[in-house]
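Shown next, in structure tokens, is the structure this report addresses.
The values are calculated or read from the model by the stated rules, or taken from the named source; none is laboratory data. Since this is a predicted model, take the numbers as computed values, not measurements. Virtual Cβ from ideal backbone geometry, glycine too; neighbours counted across all protein chains shown.
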Amino acid sequence: MSHVRKSIRDNIVTTLTGLATTGSKVYRSRVYPLSVSKLPGLTIYTKSEESEYATNIRPRTVFRTLTVIIEAYVQALSDYDSQIDAIAVEIEEALSTDVTRGGYAKDTQIVSFDAEYSGDGDIPVASATFTVQVVYSTKENDSEIAG
């Protein structure tokens, strides 16, 4: 088995694969830049996690808030905002269909959105970053099972 964190990330990747605008161009990494052939596309990765112990009786319950980053990239000569907004609608609606991430989480919320535009290169690239927080719990001695 794997950490619940991985199961949540996998669920988000599966949920966002096949959207109308980005299709199967969904990548589980932020390490390598996306080439033109992979645009429009999404990258999905976990950034951080905060934990809070909810009980003193062992094994303790650990409430966790996982921060997942979804980056959307488009390349065009004009109308970047409309393309980013179209992808935003698809992401927001897809994530809202199951806020429990297949039963692994208690809630999923998009907590911020940030857009950037770059004129470097032959055709400008626009990107949007969605910060998603996923709340879940485990027991301290079993991080493979959601609690």
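Taking L19, is it surrounded by 15 or more Cβ atoms within 10 Å (Cβ to Cβ) and at pLDDT 95 or above? Don't jump to the end; show me each part of the working.
Working: surrounded by 15 or more Cβ atoms within 10 Å (Cβ to Cβ): yes; at pLDDT 95 or above: yes.
Spelling it out, L19 is indeed surrounded by 15 or more Cβ atoms within 10 Å (Cβ to Cβ) and at pLDDT 95 or above.
So which residues in the stretch 47-105 are part of a helix (DSSP H, G or I) and either surrounded by 15 or more Cβ atoms within 10 Å (Cβ to Cβ) or touching a His at 6+ places or on another chain (Cβ under 9 Å) (or both)?
Here is the first cut: in the stretch 47-105, the residues part of a helix (DSSP H, G or I) are 80-96.
Correct list: Y80, Q83, I84, A86, I87, A88, E90, I91, A94, L95.
How do the pairs read when you match residues in the stretch 1-16 that are over 10 Å from A146 (Cβ atoms) with residues anywhere that are among the polar types (S, T, N, Q) and in a loop (DSSP other than H, G, I, E, B), using Cβ under 7 Å and keeping only pairs 6 or more apart or on different chains?
Cβ pairs passing all conditions: H3/S143.
With respect to A128, determine if the residue is modelled with pLDDT of 95 or more, of a type in the set (G, A, S) and over 15 Å from N11 (Cβ atoms). Reasoning before the result, please.
Details: modelled with pLDDT of 95 or more: yes; of a type in the set (G, A, S): yes; over 15 Å from N11 (Cβ atoms): yes.
Taking the combined requirement at face value, the residue satisfies it.
Just need a number here: residues in the stretch 108-138 that are out of contact with any helix residue (DSSP H, G or I) (no Cβ under 7 Å at 6 or more places or on another chain), among the hydroxyl-bearing types (S, T, Y) and either more than 24 Å from V89 (Cα to Cα) or in contact (Cβ under 8 Å) with a residue 12 or more places away in the chain (or both).
The number of residues fulfilling the criteria is 5.
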